[in-house]
1. Any residue in segment 58-74 that is over 13 Å from Met33 (Cα atoms) sitting within a Cβ distance under 8 Å of a residue that is among the basic types (Lys, Arg) and at pLDDT 85 or above? List the pairs, counting only those 6 or more apart or interchain.
2. Hey, among the residues in segment 26-45 that are part of a strand (DSSP E or B) and among the hydrophobic types (A, V, I, L, M, F, W, C), which one's farthest from the chain's Cα centre (by Cα)?
3. Mind listing just one residue for me: the one in segment 15-30 that is among the charged types (D, E, K, R) and surrounded by fewer than 17 Cβ atoms within 10 Å (Cβ to Cβ) and, of those, modelled with the highest pLDDT?
4. Determine, yes or no, whether Phe85 is surrounded by 11 or more Cβ atoms within 10 Å (Cβ to Cβ) and either in contact with a helix residue (DSSP H, G or I) (Cβ under 6 Å, 6 or more places away or on another chain) or at pLDDT below 80 (or both).
5. Could you list, in sequence order, all residues of segment 31-40 that are surrounded by 10 or more Cβ atoms within 10 Å (Cβ to Cβ) and not hydrophobic (A, V, I, L, M, F, W, C)?
6. Give segment 45-65 a look and list any residue that's more than 19 Å from Leu22 (Cβ to Cβ) and either in contact with a Cys (Cβ under 7 Å, 6 or more places away or on another chain) or of a type in the set (Ser, Thr, Tyr) (or both), or say none.
7. Name the residue that is modelled with the lowest pLDDT, counting only residues in segment 66-76 that are within 11 Å of the chain's Cα centre (by Cα) and in a helix (DSSP H, G or I).
8. Quick one: in segment 61-76, which of the residues that are of a type in the set (A, V, I, L, M) and closer than 11 Å to His43 by Cα is surrounded by the most Cβ atoms within 10 Å (Cβ to Cβ)?
Amino acid sequence: MTTPLLISESVALEIRNILKSLEVGMPIRYDGMDGYICFIDEHYISMCFREYEHGDPSAKRPTTQCCVLIFPQYWDDIEIEDTHFYSKKAYKGYIAEHPGNDMLPEGERPT
């Protein structure tokens, strides 16, 4: 089973934490294609969906990759395996920075 990477209502802090939990080589699904993450940045994620050997001994690299760039406006369409989040903490940071704290009454907010 897979889960969409982002929820439309996500706060920027939560998006940052999700991006920190991703790893190069992690399998993902995007736009009906299965592949793995090649590069992670705040501006885009690169997904390799095909890799093959071309057999040219004079080439710099023995394989050729077909990759696609996924820009932030399309991150909602990325799916990853649910098991990735089982061993990850839901929130990393200071309690005072948690996105829900602004909804607490004034006297109960952590400092």
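1. Gln65/Arg50
2. Step one: of segment 26-45, the residues part of a strand (DSSP E or B) are 27-30, 33-40, 45.
Within this subset, residues satisfying the condition of being among the hydrophobic types (A, V, I, L, M, F, W, C) are 28, 33, 37-40, 45.
Values: Ile28: 9, Met33: 16, Ile37: 8, Cys38: 11, Phe39: 10, Ile40: 7, Ile45: 7 Å.
Looking at residues that are part of a strand (DSSP E or B) and among the hydrophobic types (A, V, I, L, M, F, W, C), I get Met33.
3. Pass one, segment 15-30, residues among the charged types (D, E, K, R): 16, 20, 23, 29.
Filter once more, keeping what is surrounded by fewer than 17 Cβ atoms within 10 Å (Cβ to Cβ): 16, 20, 23.
On the way: Arg16: 73, Lys20: 80, Glu23: 88.
Top of the filtered list is Glu23.
4. Working: surrounded by 11 or more Cβ atoms within 10 Å (Cβ to Cβ): yes; either in contact with a helix residue (DSSP H, G or I) (Cβ under 6 Å, 6 or more places away or on another chain) or at pLDDT below 80 (or both): yes.
Yes: the conditions hold for Phe85.
5. Looking only at segment 31-40, we keep the residues that are surrounded by 10 or more Cβ atoms within 10 Å (Cβ to Cβ), and these are 31, 33-40.
Within segment 31-40, Asp31, Asp34, Gly35, Tyr36 meet the criteria.
6. Arg50, Tyr52, Ser58, Thr63, Thr64
7. The residue in question is Asp76.
8. First pass over segment 61-76, keeping only residues of a type in the set (A, V, I, L, M): 68-70.
Remaining after also requiring closer than 11 Å to His43 by Cα: 69-70.
Details: Leu69: 13, Ile70: 19.
Residue satisfying both the conditions and the ranking: Ile70.
The values are calculated or read from the model by the stated rules, or taken from the named source; none is laboratory data. As the structure is a computational prediction, the values presented were derived from the model and not from experiment. Cβ: placed from backbone, ideal geometry, glycine included. Neighbour counts: every protein chain shown.
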